[in-house]
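Following: one structure in structure tokens, then a few remarks.
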Amino acid sequence: MNIDTRIKFRHLLCFLEVARRGSLAKAADKLTISQPALSKTLKELESLLSATLFERSKRGAALTEAGVAFMRYAGPSVQALREGVNSLRSGIHEPVTVRLGVLSTVESLLVPEVICRLHARHPSLVVSVATGPSACLLSQLRLGELDLVVGRMTDSPQILGLSFEHFYSESMTLVVRAGHPLLAEGDRRATLDDFPLVLPLAGTTIRQFADSLFVQHGIQPPRQRLETLSLTLSRRYVVSSDAVWIAPFDAVCQDLHSGELMELELGMREPGGSVGLCSNPALPLTLEAQWCVDVLREVGHAYREGDYS
């Protein structure tokens, strides 16, 4: 079937902005147009497609099944067009780029090793890394704004409709600075709530695993907490204070080997979540994205074999 030439770029922009924000009012504000104008544009698109793309209610606008299907193609198409226009406007040959979404669980060891190998093999490759919560990165992947997402994300609802490839399992662990008072305590569970706690942001996939670890040990998290996905902030705060950090093992294994951080032994460890690679099956991988996939599989295999533990 031929594409209806009455479908314009503005139709796609409005559709994607409402899908991203779940609200006509917020999307209209972002696009700097009136809400009635945005609503009219969406109705035009739905009429041209002969499909209802959103379920509208007082809570906002939610994608219908048809809307989800259309977004798989509309997002990558708009992103590809933007890149094509930018390349012509620059007037110069741009290095090829892979856009990688990176969750905090893998930004300490796995991803730096992947980038080192990629740059050794492909000198003109630009690796553009976006960080943040899994929901945000997976949404960008679905819209074609990222090529791949790497990390621990299988429990995120946003992964539905995307492809996931498992690399290895990684557990959470409790760590403190060397010389911490808890290292000399007999019953650490009884005194753990006397110290500040560092843990992932509420609502993130990795936070669910952190909460699970405390439930398993019957520990009530203290009221004084630092909630962040920043590994740099977490590490420096824990090293310079008496805080306890519930961290992905990958994020702290080098500090444990150096002795700067120490692991609190509670008798058992959270069983571990699946770390892997997520891609958008509606968007064919570019050559540079395939290079990244190949190297990720290499390094993921090395992790699975214990070469980086």
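Suppose the filter is in contact with a Lys or Arg (Cβ under 7 Å, 6 or more places away or on another chain), under 20 Å from LEU277 (Cα atoms) and not in a strand (DSSP E or B); does ILE219 pass it? Break it down stepwise before answering.
Working: in contact with a Lys or Arg (Cβ under 7 Å, 6 or more places away or on another chain): yes; under 20 Å from LEU277 (Cα atoms): no; not in a strand (DSSP E or B): yes.
No.
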Confirm whether LEU42 is crowded, with 19+ Cβ neighbours inside 10 Å and over 26 Å from LEU283 (Cα atoms).
no
Can you name the number of the only condition in (1) open to solvent by 60 Å² or more (accessible area, probe 1.4 Å); (2) free of Cβ contacts under 8 Å to residues at least 60 places away in the same chain that PHE214 fails?
(1)
Can you list residue pairs whose Cβ atoms sit under 7 Å apart, with the first residue in region 95-106 being within 21 Å of ALA210 (Cβ to Cβ) and the second being of a type in the set (Asp, Glu) and assigned to a helix (DSSP H, G or I)? Count only pairs 6 or more apart in sequence or on different chains.
THR105/ASP250; VAL106/ASP250
Flag for GLY272 being under 21 Å from PHE209 (Cβ atoms), modelled with pLDDT of 90 or more and either out of contact with any Leu (no Cβ under 7 Å at 6 or more places or on another chain) or among the hydroxyl-bearing types (Ser, Thr, Tyr) (or both)
no
Looking only at residues in region 287-309 that are part of a loop (DSSP other than H, G, I, E, B) and either within 20 Å of the chain's Cα centre (by Cα) or among the small types (Gly, Ala, Ser) (or both), which one is modelled with the highest pLDDT?
GLY306
Just name the residue that is modelled with the lowest pLDDT out of those in region 217-233 that are open to solvent by 70 Å² or more (accessible area, probe 1.4 Å) and polar (S, T, N, Q).
GLN220
State whether one or more residues within region 252-261 are in contact (Cβ under 8 Å) with a residue 12 or more places away in the chain, out of contact with any strand residue (DSSP E or B) (no Cβ under 9 Å at 6 or more places or on another chain), within 27 Å of CYS136 (Cβ to Cβ) and assigned to a loop (DSSP other than H, G, I, E, B).
no
Taking only region 2-54 into account, find how many residues are of a type in the set (Asp, Glu) and within 32 Å of the chain's Cα centre (by Cα).
3
Say we look at region 12-32 and pick out the residues that are of a type in the set (A, V, I, L, M) and in contact (Cβ under 8 Å) with a residue 12 or more places away in the chain; which of these is surrounded by the most Cβ atoms within 10 Å (Cβ to Cβ)?
VAL18
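Would you confirm, using the coordinates I've provided, whether VAL198 is in contact with a strand residue (DSSP E or B) (Cβ under 6 Å, 6 or more places away or on another chain), open to solvent by less than 10 Å² (accessible area, probe 1.4 Å), at pLDDT 80 or above and farther than 30 Å from SER139 by Cα?
Details: in contact with a strand residue (DSSP E or B) (Cβ under 6 Å, 6 or more places away or on another chain): yes; open to solvent by less than 10 Å² (accessible area, probe 1.4 Å): yes; at pLDDT 80 or above: yes; farther than 30 Å from SER139 by Cα: no.
Criteria not met by VAL198.
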Scan the strands (runs of 3 or more DSSP E) fully inside region 65-178 and keep the ones with 3 or more residues being open to solvent by 10 Å² or more (accessible area, probe 1.4 Å).
126-131, 163-170
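The values are calculated or read from the model by the stated rules, or taken from the named source; none is laboratory data. Computed from a prediction, not measured in an experiment: that's the story for all the values here. Note that we place each Cβ from the backbone using ideal geometry, even for glycine, and neighbour counts take in every protein chain shown. Heavy atoms of the whole protein, side chains included, go into the accessibility calculation; ligands, DNA and RNA do not. Shrake-Rupley method; radii C 1.70, N 1.55, O 1.52, S 1.80 Å.
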